[in-house]
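The values are calculated or read from the model by the stated rules, or taken from the named source; none is laboratory data. This structure is a prediction, so every number in the text was calculated from the model and none was measured. Because the Cβ atoms are built from the backbone with ideal geometry, glycine has one as well, and the counts that use them run over all protein chains shown.
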Amino acid sequence: MSTSGGTKAVVAALLANSGIAITKFVAFAFSGSSAMLAEGVHSVADAANQGLLLFGGRQAKRKADAEHPFGYGRERYVYAFVVAIVLFSVGGVFSLYEGIEKLQNPHPLEVPWLPIVVLVIAIVLESFSLRTAVIESNLARGDQGWVAFVRHAKQPELPVVLLEDIAALLGLTFALVGVGLTIVTGDPVWDAIGTIAIGVLLVLVALVLGIETKSLLVGEGANQANVAKIREALVSHPQVETIIHMKTLYVGPDELMVGAKLAFPKGTSMSNVASAINSVEKSVRAAVPHARIIYIEPDVFHSPHDYNPPTDAIVIKSAD
């Protein structure tokens, strides 16, 4: 995913949610609909989240320094995790509270047509925001399915915006059904039920975002396709006999670190080893451009039993 693509989707969502939030609060002020209040708070939370994503992206661009030698790329993960917390606490929990309170103390809607108009307009605007996120995501996800893209994307902005926009459209639908049934039946309980449904939806989406972002914060390696490319690049040099073991780690959404122990023939001179390592590094970066940090340790391969490599070690014996 290009950073510009993610930024475009975030900005589109921010503009849409800011405008939608204002109209929802106006509708709530005139109608007293709890679903409209919950949706207004939801839109404010979403707009704040998009602001956090933009701020996190800006912070992540800072150059590496002595305190953070690998840079600040993971700040994007931190702010994506904060987004999940905000969505859970501000959006989900508030909506549940408001819905339960309205069940206990129901009151009829005033100016009932206004929430309907606002919700329909909001659905149209939110659909444009989702369309932008889908277009930008299609440029990044390749042949991955949508679930795989959300689960395995190393850049957090697009998956976050996608899930927020989908949750927003579903929430608007719940609110529209709740308000509509309240108008038809005259029973404000339906408005409260719609509000509770919005809260449950937001809590579930926040949990999914939190789980996926936590995995990125803990540290993820390259996917299988890129691991295969890196392996091939490492053994492409004629003097490299085998990969004793290898590890990869994303130190930021666009920066992959590769560490490998490579076996060279006995008696190889230091100058030849250094030349081979430089060549291998170029091959790795050509195969996987975001593999920007590469550490290679030369060694002599004896037998797999002579090593106690990590659990994710890769041992590839060269052909005789």
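Of all residue pairs spaced 6 or more apart or on separate chains, none has beta-carbon atoms under 8 Å together with a first member in the range 31-50 that is closer than 19 Å to Ser127 by Cα and a second member that is outside any helix (DSSP H, G or I). With the structure loaded, tell me whether Ser215 is within 27 Å of Val160 (Cα to Cα) and assigned to a helix (DSSP H, G or I) or whether it fails that test. For Ser215, the condition - within 27 Å of Val160 (Cα to Cα) and assigned to a helix (DSSP H, G or I) - is met.
Restricted to the range 223-234, and to residues there that are modelled with pLDDT of 90 or more and of a type in the set (A, V, I, L, M), the residue that is surrounded by the fewest Cβ atoms within 10 Å (Cβ to Cβ) is Ala228.
Part of a helix (DSSP H, G or I), more than 25 Å from Gly145 (Cα to Cα) and free of Cβ contacts under 8 Å to residues at least 60 places away in the same chain: is that true of Ala233 in this structure? Please lay out each step first, then the result.
Numbers: part of a helix (DSSP H, G or I): yes; more than 25 Å from Gly145 (Cα to Cα): yes; free of Cβ contacts under 8 Å to residues at least 60 places away in the same chain: yes.
So Ala233 passes the test.
The residue that is nearest to the chain's Cα centre (by Cα), among those in the range 246-295 that are over 30 Å from Val78 (Cβ atoms) and assigned to a strand (DSSP E or B), is Lys261.
Could you pull out the residue among Ala84, Ala140, Ala64 that is aliphatic (A, V, I, L, M) and in contact with a Lys or Arg (Cβ under 9 Å, 6 or more places away or on another chain)? Before the answer, list the steps.
Working: Ala140 fails: in contact with a Lys or Arg (Cβ under 9 Å, 6 or more places away or on another chain); Ala64 fails: in contact with a Lys or Arg (Cβ under 9 Å, 6 or more places away or on another chain).
Ala84 is the lone residue from the list that is aliphatic (A, V, I, L, M) and in contact with a Lys or Arg (Cβ under 9 Å, 6 or more places away or on another chain).
Please indicate, with yes or no, whether at least one residue in the range 309-320 is of a type in the set (Ser, Thr, Tyr) and either under 27 Å from Ala153 (Cα atoms) or at pLDDT 90 or above (or both).
Residues of the range 309-320 of a type in the set (Ser, Thr, Tyr): 311, 318.
When the remaining residues are screened for being either under 27 Å from Ala153 (Cα atoms) or at pLDDT 90 or above (or both), the result is 311.
Within the range 309-320 (the criterion being of a type in the set (Ser, Thr, Tyr) and either under 27 Å from Ala153 (Cα atoms) or at pLDDT 90 or above (or both)), the answer is yes, since at least one residue qualifies.
Based on what the data block shows, is Ala21 surrounded by 19 or more Cβ atoms within 10 Å (Cβ to Cβ) and within 13 Å of Glu126 (Cβ to Cβ)? So Ala21 fits the description; yes.
Yes/no matrix, rows are residues, columns are (1) surrounded by 17 or more Cβ atoms within 10 Å (Cβ to Cβ); (2) within 20 Å of Ser89 (Cβ to Cβ):
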site: Ser127; (1), (2): no, no
site: Ser137; (1), (2): yes, no
site: Arg141; (1), (2): yes, no
site: Ala148; (1), (2): no, no
site: His152; (1), (2): no, no
site: Pro156; (1), (2): yes, yes
site: Phe174; (1), (2): yes, yes
site: Thr213; (1), (2): yes, yes
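Does Ala60 satisfy being at pLDDT below 85 and surrounded by fewer than 19 Cβ atoms within 10 Å (Cβ to Cβ)?
Values: at pLDDT below 85: yes; surrounded by fewer than 19 Cβ atoms within 10 Å (Cβ to Cβ): no.
For Ala60, the condition - at pLDDT below 85 and surrounded by fewer than 19 Cβ atoms within 10 Å (Cβ to Cβ) - is not met.
Close contacts from the range 277-296, counting a first residue that is within 15 Å of Val251 (Cα to Cα) and a second that is assigned to a loop (DSSP other than H, G, I, E, B), with Cβ to Cβ under 6 Å and a gap of 6+ residues or different chains, come to His290/Asp254. Taken together, the residues in the range 296-305 that are in contact with a strand residue (DSSP E or B) (Cβ under 7 Å, 6 or more places away or on another chain) and either aliphatic (A, V, I, L, M) or part of a loop (DSSP other than H, G, I, E, B) (or both) amount to 3.
In the set (1) of a type outside the set (D, E, K, R); (2) in contact with a helix residue (DSSP H, G or I) (Cβ under 8 Å, 6 or more places away or on another chain); (3) under 13 Å from Ile293 (Cα atoms), the condition left unmet by Met257 is number (2).
Quick check on Ala228: is it over 24 Å from Gln104 (Cβ atoms) and small (Gly, Ala, Ser)? Before the answer, list the steps.
On the way: over 24 Å from Gln104 (Cβ atoms): yes; small (Gly, Ala, Ser): yes.
Against the criterion (over 24 Å from Gln104 (Cβ atoms) and small (Gly, Ala, Ser)), Ala228 qualifies.
Among the residues of the range 176-189, the ones that are buried (at least 21 other Cβ atoms within 10 Å of the Cβ), of a type outside the set (Ser, Thr, Tyr) and touching a Leu at 6+ places or on another chain (Cβ under 8 Å) come to 2 in all. The set of residues in the range 174-195 that are under 16 Å from Val41 (Cα atoms) and of a type in the set (Val, Ile, Thr) contains only Thr195. For beta carbons closer than 9 Å, sequence separation of 6+ or different chains, a first residue in the range 167-182 that is closer than 14 Å to Val118 by Cβ and a second that is in a helix (DSSP H, G or I) and polar (S, T, N, Q), the qualifying pairs are Ala168/Asn17; Ala168/Ser43; Ala168/Ser129; Gly171/Ser95; Ala175/Thr195; Gly178/Ser34; Gly178/Thr195; Val179/Ser31.
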